[in-house]
Amino acid sequence: MKRYYKTINDQTVFFAEPLIHDGMQTFNPSEEMILAAGWQEWQEPEPTEGELLQQAIENKLAEIDNYDKSASVNSFRIGNKDLWLDAALRQQLRTSIEAYKAMGRESASKWFDGVEYTFPVDTWLQMLNALEVYAAEALNATESHKVAVKELATIEEVEEYDITADYPEKLVFGA
């Protein structure tokens with residue numbers, strides 16, 4: 001849809017109905033009527049190189065955020081099953097396993113996605129420690145990518161930037 005404007009008192013004003021011209025109001029005026037009343041067709045200005053670079057950076061930052069939230073980062077393997085435990089669930093599981101240990105239990109079972117996993121409590125704690133380190137290192141990679149992208153100087157550099165680099169190797173636990 002075309003937009004029309006006038007400069008009034010050194011300000012750009014955009015056309016909105018009704019058209020008032022020669023003391024008459026016209027609703028749904030034709031383009032000819034709008035132009036005859038002194039309005040001009042608005043041409044969107046071409047974005048500057050700086051604006052295009054900023055948009056490319058914002059798009060790449062969104063890609064980084066999406067990648068960080070994806071199973072490409074947020075997953076580990078137990079046996080042949082890919083899982084992920086967010087920070088709250090990892091803490092809840094740690095509290096539970098530490099309670100088992102405090103009560104003298106040597107192993108504990110937990111269910112994830114309809115599958116029961118049984119490990120010695122010390123193995124559970126080692127797995128949780130490894131997951132915490134993995135999550136911290138993955139977050140470091142994500143934040144490092146964001147800083148690096150913000151410092152890029154050309155659109156080509158932004159487009160070629162590999163957002164998948166430098167993430168820790170996914171964890172694999174036996175089942």
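The values are calculated or read from the model by the stated rules, or taken from the named source; none is laboratory data. Note that the structure is a prediction, hence the values are computed from the model and not measured. Quick reminder, even Gly has a Cβ in these numbers, built from the backbone with ideal geometry, and neighbours come from all protein chains shown.
Points worth noting:
- Those residues of segment 87-114 which are under 24 Å from Leu139 (Cβ atoms), touching a helix residue (DSSP H, G or I) at 6+ places or on another chain (Cβ under 8 Å) and loosely packed, with under 12 Cβ neighbours inside 10 Å, in sequence order: Ala87
Here's the yes/no breakdown for (1) of a type outside the set (S, T, N, Q); (2) at pLDDT 90 or above; (3) in contact with a Pro (Cβ under 8 Å, 6 or more places away or on another chain):
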residue: Met1; (1), (2), (3): yes, no, no
residue: Tyr4; (1), (2), (3): yes, yes, no
residue: Phe14; (1), (2), (3): yes, yes, no
residue: Leu19; (1), (2), (3): yes, no, yes
residue: Thr26; (1), (2), (3): no, no, yes
residue: Gly38; (1), (2), (3): yes, no, no
residue: Glu41; (1), (2), (3): yes, yes, no
residue: Glu44; (1), (2), (3): yes, no, no
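- Search result, residues across segment 104-144 that are of a type in the set (Ser, Thr, Tyr) and under 19 Å from Lys69 (Cα atoms): Tyr134, Thr142, Ser144
- Pro168 fulfils the conditions (1) farther than 18 Å from Asp82 by Cα; (2) free of Cβ contacts under 8 Å to residues at least 40 places away in the same chain except for a single criterion, (1).
One line per residue, one yes/no per condition, for (1) within 30 Å of Glu49 (Cα to Cα); (2) over 19 Å from the mean Cα position of the chain (by Cα):
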site	(1), (2)
Ser72	no, no
Ser75	no, no
Gln92	no, yes
Val115	no, yes
Asp122	no, yes
Asn129	no, yes
Glu132	no, yes
Ile163	yes, no
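- If the condition is being over 23 Å from Lys81 (Cα atoms), touching a Lys or Arg at 6+ places or on another chain (Cβ under 9 Å) and of a type in the set (Val, Ile, Thr), then segment 113-151 contributes only Val149.
- Condition met for Trp84 (among the aromatic types (Phe, Trp, Tyr), free of Cβ contacts under 8 Å to residues at least 60 places away in the same chain and more than 30 Å from Lys146 (Cα to Cα)): no
- Residue in segment 58-70 that is farthest from the chain's Cα centre (by Cα), counting only those that are assigned to a helix (DSSP H, G or I) and of a type in the set (S, T, N, Q): Asn59
- Set side by side, the residues Arg105, Arg77, Arg90 differ, and just one is basic (Lys, Arg) and part of a helix (DSSP H, G or I), which is Arg90.
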